[in-house]
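All remarks here apply to the structure that follows.
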Amino acid sequence: MLVFRSLLFNVAFYVNLIAWLLAILPTLVMPRKAIIRVAQAWARSNLWLMRVIVGTKVEFRGRERIPPGGLLVAAKHQSFWETFALATLFDDPVFILKRELIWIPFFGWYLWKAGMVPVNRKAGSLALVEMNRRAREEVGRGRQILIFPEGTRRPPGAEPAYKFGIAHLYTTLGVPCLPVALNSGLFWPRRRFIRRPGTVVVESLEPLAPGLPRAQFFKMVQDRIEAASQRLLAEGQAQLSATPGEAAVSASDRSSA
């Protein structure tokens, strides 16, 4: 039954994506905020599909900790899930993403229109300079800069691999940083088509004020995200173990590349 529901959801997810990509073409000539609102509506439709088809709900904790205005958001990255779900949590989000996504027809056009910040990973230090410049422009407009400090998805429970670029960005922007922990990888494992029922938990932690020394900030943001994510993983694993017909996350989920 789990396999059938996962297959049904994946088909529905991509059909839904294609329908939205075609239906929202007019937003390319509308104000930028229009595409942000449409993207948030699309994200909510995906959360609805997961709840209805798979039985996967979401709980956003700590919303009251989100400061208004310009903000740096450092989020744990375990799954494709948070690349759309986190957009519903903020007023005017900006994702820092790899440049290749901008080249995808339709999808890339909308990313460009929404003012996302592409990064050329092959450009080395020049990419960091350009990322910081663009991020400064966007945060100056009161937007929320979302970055995954590890740069890529990591399986639940994997050793952290944070990149120091998050500390450079924090120093450059001069705004609070909101650490975000989650356990999405338990329910939407990376590079697998299985989707598990349960409740994905996203927790906004206490913001880190601007002005901390770079090395101190880097350690603090990693420690806070990792400690909270491990707690949420234990919570999610207990939930999966208690679900009839489900087992805790398998070793293959943890190590699949």
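For the pair the stretch 74-143 / the stretch 195-231, the C-alpha centres are spaced 19 Å from each other.
The Cα atoms of the chain cover 49, 45, 36 Å along the three principal axes, with the biggest extent listed first. Lys and Arg at +1, Asp and Glu at -1: add these up for the other residues within a Cβ distance under 14 Å of Val58 and post the number. Summing Lys/Arg as +1 and Asp/Glu as -1 gives +3. What is the sum of charges, Lys and Arg at +1 and Asp and Glu at -1, for the other residues whose Cβ falls under 12 Å from the Cβ of Ser6? In short, +4. Rounded to the nearest 500, the helix-only mean residue ellipticity at 222 nm of the chain stands at -13500 deg cm²/dmol, with each DSSP H run of n ≥ 4 adding -39,500 (n - 2.57).
Among residues other than Ile36 with Cβ under 15 Å from its Cβ, the summed charge is +4 (Lys and Arg +1, Asp and Glu -1).
Against the empirical curve 2.2 N^0.38 Å, the C-alpha radius of gyration of the stretch 12-154 lands at a ratio of 1.05.
Here the stretch 2-255 is assigned +1 on the Cβ of each Lys and Arg and -1 on the Cβ of each Asp and Glu. Its dipole about the Cα centre then comes out at about 480 debye.
For the stretch 2-255, the residue among Ala41, Ile225, Phe90 whose Cα projects farthest onto the positive side of the dipole built from Cβ charges is Ala41. In the elastic network of the chain, a GNM with C-alpha springs shorter than 10 Å, the most mobile of Ala43, Ala234, Ala85 is Ala234. Computed over the stretch 2-255, relative contact order equals 25 percent, with contacts defined as Cα pairs under 8 Å that lie 6+ residues apart.
A quarter of the convex hull surface defined by the alpha-carbon atoms of the stretch 120-166 gives 4.0 nm² as the mean projection. The residues Tyr110, Tyr14, Tyr162, Tyr170, when put in order of fewest to most other Cβ atoms within 10 Å, stand as Tyr14, Tyr162, Tyr110, Tyr170. Only one residue of Val201, Asn120, Leu182 has its Cα farthest out toward the positive end of the dipole of the chain, where Lys and Arg carry +1 and Asp and Glu -1 on Cβ, and that residue is Asn120. Lysine pair count for the stretch 2-255 with Cα-Cα distance under 16 Å and sequence separation of 8 or more or different chains is 8. The phi-based Karplus calculation (6.51 cos²θ - 1.76 cosθ + 1.60; θ = phi - 60°) puts the 3J(HN,Hα) values of the stretch 42-55 at 4, 4, 5, 5, 5, 5, 5, 4, 4, 5, 6, 8, 9, x Hz, whole numbers, x for Gly and Pro. The fraction of Cα-Cα pairs per 10 angstrom bin, counted from 0 for the stretch 149-210, comes to 19, 41, 29, 11, 0 percent, rounded to whole percents.
The modelled label-to-label distance between Glu130 and Leu101, using points 7 Å beyond Cα along the C-beta direction, is 1.6 nm.
Taken about its Cα centre, the stretch 159-223 carries a charge dipole of about 440 debye when Lys and Arg each add +1 at the Cβ and Asp and Glu each add -1 at the Cβ.
No lab work stands behind these numbers, since they all come straight from the coordinates. Since the structure is predicted, the reported quantities are computational estimates derived from the model, not experimental observations. With ideal geometry, Cβ positions are generated from the backbone for all residues, glycine too; neighbour counts draw on all protein chains shown.
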